[in-house]
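Below is one structure, written out as structure tokens; comments come after it.
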Amino acid sequence: MTTLPSGSPSPLPRFPANFLWGVSTSAHQIEGAASEDGRGLSSWDAFAAEPGRIKDGSNASVACDHYHRYPEDVALLKDLGVGAYRFSVSWSRVLPEGAGAVNKAGLDFYDRLVDALCEAGVRPVPTLFHWDTPLALEQAGGWLERDTAHRFAEYVDVVATRLGDRVGRWITLNEPAEITLLGHALGEHAPGKRLLFDAVPVAHHQLLAHGLAVQVLRERGSGSIGIANSHGPTWAASDSEEDRGAADFYDLLLNRLFADPLLLGKYPDGIAEMLPGPVEDDLRLISQPLDWYGVNYYQPTRVGAHDPSVSADFAGISIPAEMPFSVHRVEGFERTAFDWPVVPGALLELLVGFKERYGEKLPPVVITENGCSYEGIDDQARIRYLDGHLRALHDAMDEGVDVRGYFVWSLMDNWEWAEGYAQRFGLVHVDFDTLKRTPKASYAWLRDALRAQR
């Protein structure tokens, strides 16, 4: 298992010359300008306005003010030396009601951003949905309704028509698992519903939206389409049959529920019966070939049989007593400021496991998110984290996993969803009072590492 190096990291192993290096952000977390230029409200605007939902009581109405400061941020990307920038398009900035009239000012912003990236020699990689459902659609049922998938396809057509002449690589959805599990099953994220297993249709409707979006993007001439799914190894709390069964079930929810339909064209046993609509027909859309498969990796999870004494809380998220498993603390590793275990070897385990599970059905892989929360500008712990995970990634490539790129989460400190401004994932420090950007030690380390790769 790859471990964190001690002291100053030695030079990274050599990655292929065409390996894609990038950083990631999302619109709601950095843009701000929440009520400017015709932007509509999103599910997260409404969620943050509910008392007690966000730990520090904040909202993202200003965030990093990227909407106004994007030229400064593009300059940081250019200086960093990355080949690509993964950002997201705010659906409600483009279509304020989620459907119908297009907001020209919103599209113009992304047009300017893409032009600036191209001029800086940084490839734009837009994510078309990163959790911020337009509020008008949410109030009409959101992802519980099949119609939302079709409205998403219409929105994708608007964006692709405007930006497709300069965008060569698209991401349809970011982490549908989190929208399903945290947003609709557990109520910890927007829209704050606590439906438990009745949230499963949300997974299907997002995957259907992905399939419809792929269809639209192909019609618009795109030759590079992927998705960004969150995945991580699931470790059984013990060798007992009960713990191993619980871990298998958790792995199904986190990993297979979202990967099997895309890569195998079928749901895990027992899931399809819980879903609405013509599932078999939908699966033909959902499983259209992808050019690459995006993996967001942060940590492994240790899972055992249901045990109320350990199920009460996991990473700040309440686990309901109705769930047939318990989540245990992963001990023996350095931990981030978010109290997540730092386990680079689990990334190797995940990727090799995916290769073994899906074989030739697994497209080339891109790590679309990997990062950590730490305080301070001299963030040596983040340097050790990135160094360790990149070495694990290289090990996976040595074991035959076809990995084509790696995106750090995130370019800059931002509004971290239900955590508010408390967690800092950025390579660049943001003073949220003055909005001043200050590159951290990890920014300089990555810049030097990329220069050495070249």
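Read-outs: derived from the displayed coordinates by stated rules, not from any lab. What you are looking at is a predicted structure, and each value in this text was computed from that prediction instead of being measured. Here the Cβ is made from the backbone with ideal geometry for all residues, glycine too, and neighbour counts use every protein chain on show.
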- Mean separation of Cα pairs under 8 Å and 6+ residues apart, divided by the residue count of the chain: what relative contact order is that in percent? 19
- Task: At a Cα cut-off below 27 Å, give the lysines reachable from LYS436, other chains included and same-chain residues fewer than 8 away excluded.
- Result: LYS55, LYS78
- Query: Looking only at GluC sites (Glu not before Pro) in DSSP loops with at most 15 other Cβ atoms within 10 Å, what is the longest site-free stretch of the chain?
  - Reply: 37-321
- Note on the structure: Per the charge dipole of the chain (beta-carbon charges, Lys/Arg positive, Asp/Glu negative, Cα centre), the residue among HIS210, LEU275, GLY81 reaching farthest to the positive end is GLY81
- Note on the structure: Using alpha-carbon positions, the gyration tensor of the stretch 295-454 gives root eigenvalues a ≥ b ≥ c; with a/c under 1.5 called rounded, otherwise prolate if a/b exceeds b/c, else oblate, the class is oblate
- Query: Given H placed on each backbone N at 1.01 Å, which residues far from ASP379 in sequence or on other chains put an amide H within less than 5 Å of it?
  - Reply: ALA441, SER442
- Message: Given contacts defined as C-alpha pairs under 8 Å and at least six residues apart, what's the relative contact order of the stretch 231-386, whole-number percent?
- Response: 27
- Fully extended, how many nm does the chain gain between GLU280 and ALA422 (0.36 nm per residue separation, minus their Cα-Cα distance)? 46.8 nm
- Item | Rounded if a/c under 1.5, otherwise prolate or oblate - the chain, Cα gyration tensor axes | rounded
- Rounded to whole Hz and in sequence order, give me ³J(HN,Hα) for the stretch 195-201 from the Karplus expression 6.51 cos²θ - 1.76 cosθ + 1.60, θ = phi - 60°, writing x for Gly and Pro. 9, 6, 6, 6, 7, 4, x
- Name the long-range amide H neighbours of ARG123: under 5 Å, sequence gap of 5 or more, or other chain; modelled H, no Pro or chain starts. ALA84, TYR85
- Query: DSSP beta bridges in the chain, what fraction antiparallel, as a percent rounded to 5?
  - Reply: 20
- Lys, Arg +1 and Asp, Glu -1 on Cβ, resulting dipole of the chain about Cα centre, debye, nearest 20: 1320
- Which shape class applies to the stretch 42-155: rounded if a/c is under 1.5, otherwise prolate when a/b exceeds b/c and oblate if not, where a ≥ b ≥ c are the square roots of the Cα gyration tensor eigenvalues? oblate
- Relative contact order computed over the stretch 1-84 (Cα-Cα under 8 Å; 6+ residues apart), in percent: 38
- Item | Note, ³J(HN,Hα) from phi for the stretch 349-356, Karplus 6.51, -1.76, 1.60, rounded to Hz, x at Gly and Pro | 4, 4, 5, 5, x, 5, 4, 6
- Query: Can you list the residues, at least 5 places off or on another chain, whose amide H is less than 5 Å from the amide H of VAL403, using H built in the peptide plane?
  - Reply: VAL365
